[in-house]
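Where a number appears in this text, it was derived from the coordinates with a stated rule and is not lab data. Just so it is clear, the model here is predicted, and its values are computed rather than measured. FYI the Cβ positions are ideal-geometry reconstructions off the backbone, even for glycines, and counts take in every protein chain you see.
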Amino acid sequence: MLAFEIYGTREDLYSTHLASPSMQTFLQKIPAASTTGLDLNHYKCVAGFLDASHTQAPAEIMQDMRVTCVSPSSLTTLLSSLTSLVNSVDGSGGTLTYMAFQSLDDDVGARIYGRWKTREDMERFIRREEVIGFWMENKEHVRAMEQRLYVPNGKGWLHRGSGYAGEKKEGQKAKI
């Protein structure tokens, strides 16, 4: 199971959300229903969009990619290039979500999260010239990479209409 959640501060996650009565009940049930405990990772959004359609359209496939760079300076270079790539994606061609993140837990981590209407849309996206060019230009900066693909479970998504922490507003450029 993947839970992709966005909070304004870490305190919002730990002191408010995880400490709530409903989460306390949920946390007690996790060990019996899961092969692992919670794997919490902390990131800040550097570029992208959560819902290109503005309709909370369901995705047929989601991509969650973790990248570990060889050094902090390599991360800086990768994030600059990744921001340019993500900012060039406009939500067409079935791309519903495409976001880039910088790790707050270490100085060499990045994450890419994407959602597509269909698997074919994702396959077409990852073969785009600019996506392949990004990976070819940055491969010497990457020490490790892992990717997981997810398909829907029919549970949908919960989204508050007020946006999310770090959301790029119309006309605003993402900053690294």
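Below are the figures for this structure:
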item: Pairs with Cβ under 8 Å, 6+ apart, first in segment 77-90 and farther than 16 Å from PHE125 by Cβ, second β-branched (Val, Ile, Thr); result: LEU78/VAL67; LEU78/VAL142; LEU79/VAL46; LEU79/ILE176; SER80/ILE176; THR83/VAL46; THR83/ILE176
item: Condition met for LEU82 (closer than 27 Å to ILE132 by Cα and of a type in the set (A, V, I, L, M)); result: yes
item: Residue count, segment 60-84 (criterion: in a strand (DSSP E or B) and not hydrophobic (A, V, I, L, M, F, W, C)); result: 4
item: Complete set of residues in segment 13-40 that are exposed (fewer than 12 other Cβ atoms within 10 Å of the Cβ) and assigned to a helix (DSSP H, G or I); result: SER15, PRO21, SER22, GLN24, THR25, GLN28, LYS29, PRO31, ALA32, ALA33
item: Selected residue (only one of GLU60, GLU146, GLU130 is in contact (Cβ under 8 Å) with a residue 40 or more places away in the chain, out of contact with any strand residue (DSSP E or B) (no Cβ under 9 Å at 6 or more places or on another chain) and charged (D, E, K, R)); result: GLU130
item: Residue that is assigned to a loop (DSSP other than H, G, I, E, B) and buried (at least 17 other Cβ atoms within 10 Å of the Cβ), where the choices are ALA47, ALA57, ALA52; result: ALA52
item: All positions within segment 96-131 that are aromatic (Phe, Trp, Tyr), crowded, with 21+ Cβ neighbours inside 10 Å and more than 9 Å from the chain's Cα centre (by Cα); result: TRP116
